[in-house]
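The values are calculated or read from the model by the stated rules, or taken from the named source; none is laboratory data. Just so it is clear, the model here is predicted, and its values are computed rather than measured. As a convention, Cβ positions derive from the backbone with ideal geometry for all residues, glycine included, and neighbour counts pool all protein chains shown. For accessibility, only protein heavy atoms count, side chains too; no ligands or nucleic acids. Shrake-Rupley method; radii C 1.70, N 1.55, O 1.52, S 1.80 Å.
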Amino acid sequence: MLHILILLALQAPPRLEETIVVTAERLEQPVRDSTAAVTVLRGDDLRRLPARDLGEALRLVPGLQIIAVNPGAPPMLSSRGFFGAGEVEYVQLLVDGMPVGNPESGIADWRAIPIESIDHIEVLRGAGSSLFGDAALGGVVQVFTRRGTDAAISYGSFDTSRITAAYAAQAFHVSASAARSDGFRDHTASDETFANAGLTRGPWQAALALSRRDREDAGALSVQQFDDDPSASDPLFANDRDQNRRIDANVRYHAGNLDGNLDLLAHAHDRHGELTRTLLLFPGFGDTATRTLDTRSLGGSATRTFTIGNGRVLAGADTSYATVHSRYSADVDGRGSRRQGAAFVSGEWNVTPRARLAAGARYDAIGDEFENIEADDSAFSPRVALSLDLGHVTPYLQLSRAFKAPTLDQRFDQRPIPDFQGGTFSVANPGLVPQHATSAELGLRGRAGAAEWEAIAYRTTVDDEIDFDVRTFRYANIGRSLHRGLETSFAMPMTTNTDTRLSYTWTRVSAREGANRGVQLKNIAEHVLRAGFDVRTLVDLHLEIEHSAGRYLDDANRLPLDDATVVDLRIARTFGPFTAAVEATNLLGTQYAPLGLTLTGFAGEDVPYVYPAAGRSIAATLR
């Protein structure tokens, strides 16, 4: 068997037309050649889905779990079991190459990009630190925006309305969108607007993005409250609200010739927000505080691609400087900053006509400062991978190291929490160190006629994991975890006008030590099965079915969350330049909670709280 594989490796493979991706290795290559788990979602396909924004579109990607608890709030993203529960982000979001996470937490607003604005999406699942740094421990999502002229208007359940419009000329484009909703629960109303503009002149591009958001937050419900009325809101959260405005700008230069490409990017960010948030401390008791937050950042990157023999090498550097001004009251007011710098290299070589070697490494240096308290981090993130083109099947193996630095909030957030002894304390910990992960990934992707399929297995060990330490009531490096999983997908056109897509993901995340060693981490579904069907006749019909199972409220796995089957449907008809559509999400009205927590009662018992998912929602859209 071995000598057959060697002979195949020495023969030139037949080449098929392929989609080109850039995110997996920061080098352009066909998907079939990629030595990482990468998924491409095309904009034309996305606009046939019952999906309104980027967050809803990402449900299609095996290995990603999108947890949405309110149509007006940003969804939370879990990638291969890395889940920040709205406190921290483990996946880097890039929009046309520009990072858009918040400086204090890394949190990205996955709802901020409407489907109409997306040309295509590239999703790198798994460790991406060797190319993109600490924000990419769980992966990278890169959105490439669309240049087009169109408009859409939508209205639906919960008094939800949305309007988008875009205009594009040869060198200029502009788009805007506005959305509002009363929300499916009491105290979940939202109102937001987005605007974007761009200019292209020769090798230069410039873009500007503006946003304004006003969102209420209904908080969690006890299990009893959820059973009585899942659309209710606990009065403890009556004042919770998130209001902010944000400006992002960037300038890019791209030039290429036979020797390679040169890319330069400069970006800036300014944000002002007021967040009123209630923390549940004990069952039935919470602490409410209002935070005024101003963040600013400047950053840039430079990359140069070289052709060397039968391979290509990309070398580059990233840098950024961000400032944070956080205020809870006149007495709790602080300023801080984060400086980041990195150098990286990535390369690919065709060692035989069929065998491709890819390798890369990145060195990051991070310096934090807040009110005269300083902390410095550094990390080296290598990666090596090999793929073998066997014609209709491509196996690959990848080994990598990745890291995640503590966020500014985890280190320095000054929020005062009452200690019930006349004083206050903070959960932040300036002494935190980065968490590190070591990953091995084995994948197969291939074609069988018109069908495409993929199967990927991975194993990741994490050390110095940052978690909340109930013994000290602050963040600490107390975790050692094991992430294992299997991601499979299959897509095939059944007839000229009918397509089908199936995917199954197994995600097993467990502690490697302690009382809960070997059991599933809370809030992460162990099994997710998804099926999608497209039928194009007089009308276009798209059906999505998702079943999730094996999710728990607690790390001891004593409190299971209900399995859930959710059905989404979109029916559309095109009349000349117009498309009319009816979209139904959670068509069967499944009542479930995808997220929750437990609190310790006064008798030492576990008291469960949950965040309900939205019920049935129907909307009509004219585009």
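Please report the net charge: other residues with Cβ closer than 10 Å to the Cβ of Gly286, K and R +1, D and E -1. In short, -2. With R₀ set to 56 Å, the beta-carbon distance separating His527 from Ala151 gives a calculated FRET efficiency near 0.85. When peptides 509-520, 286-297 are sorted by average Cβ neighbour count within 10 Å, with the highest value leading, the order is 286-297, 509-520. Backbone amide hydrogens, once placed in the peptide plane, bring Asn516 within less than 5 Å of nothing, excluding anything fewer than 5 places away on its chain. Its Cα centre serving as origin, the chain has a Cβ charge dipole (Lys and Arg +1, Asp and Glu -1) of approximately 1700 debye. The stretch 164-216 and the stretch 299-317 have Cα centres lying 33 Å from one another. Is the shape of the chain rounded, prolate or oblate, going by the alpha carbon gyration tensor and its root eigenvalues a ≥ b ≥ c, with a/c under 1.5 for rounded and a/b larger than b/c for prolate? Here the chain falls in the rounded category. The 3J(HN,Hα) values that the Karplus relation (6.51, -1.76, 1.60; θ = phi - 60°) gives for the stretch 429-436 are, in residue order, 9, x, x, 4, 10, x, 8, 10 Hz. Gly and Pro appear as x. Taking the protein heavy atoms of the chain in the context of the full set of protein chains, the accessible area attributed to carbon and sulfur is 58 percent at 1.4 Å.
Summing charges over all other residues whose Cβ lies under 11 Å from the Cβ of Trp349, with Lys and Arg as +1 and Asp and Glu as -1, gives +1. Solvent-accessible surface of the chain, taken per residue with a 1.4 Å probe and all protein chains present: 44 Å². The slack in the chain from Thr319 to Thr352, taken as 0.36 nm per residue of separation less the alpha-carbon distance, amounts to 8.2 nm. In whole percent, what relative contact order does the stretch 443-571 give with Cα contacts below 8 Å and a gap of six or more residues? It rounds to 16 percent for the stretch 443-571. Computed from the C-beta positions of Met494 and Asp229 and an R0 of 45 Å, the FRET efficiency is 0.60 to the nearest 0.05. Within the stretch 430-589, the proportion of Cα pairs with more than 28 Å between them is 44 percent.
Relative contact order for the stretch 161-220: 28 percent, from Cα pairs under 8 Å spaced at least 6 residues apart, divided by residue count. Centre-to-centre separation between the Cα atoms of the stretch 573-623 and those of the stretch 421-441: 32 Å.
When a/c reaches 1.5 or more, the comparison of a/b and b/c decides; with that in mind, is the stretch 90-213 rounded, prolate or oblate per its Cα gyration tensor? Since a/c reaches 1.5 but b/c is at least a/b, the shape of the stretch 90-213 is classed as oblate.
Computed over neighbours whose Cβ is under 9 Å from that of Leu27, the net charge equals -1, Lys and Arg +1, Asp and Glu -1. Sequence-ordered 3J(HN,Hα) estimates for the stretch 339-350 from the Karplus curve with 6.51, -1.76 and 1.60 and θ = phi - 60° stand at 10, 10, x, 8, 10, 9, 9, 9, x, 9, 9, 8 Hz, glycine and proline given as x. Working note: Karplus 6.51/-1.76/1.60 with θ = phi - 60° gives the stretch 180-192 the couplings 8, 7, 7, x, 7, 10, 4, 6, 10, 5, 9, 8, 8 Hz, where Gly and Pro are set to x. Entry note, the chain: relative contact order of 11 percent, from Cα contacts under 8 Å with a spacing of 6+ residues. Ordering Leu49, Gln520, Ala405 by Cα displacement along the dipole of the chain toward the positive end leaves Leu49 in first place; charges were set at the Cβ atoms of Lys, Arg (+1) and Asp, Glu (-1).
Reducing the stretch 263-277 and the stretch 359-413 to their Cα centroids gives an inter-centroid distance of 22 Å. Each peptide in 166-174, 52-60, 124-132 receives the mean, over its residues, of other Cβ atoms within 10 Å, and ordering these scores from highest gives 124-132, 52-60, 166-174.
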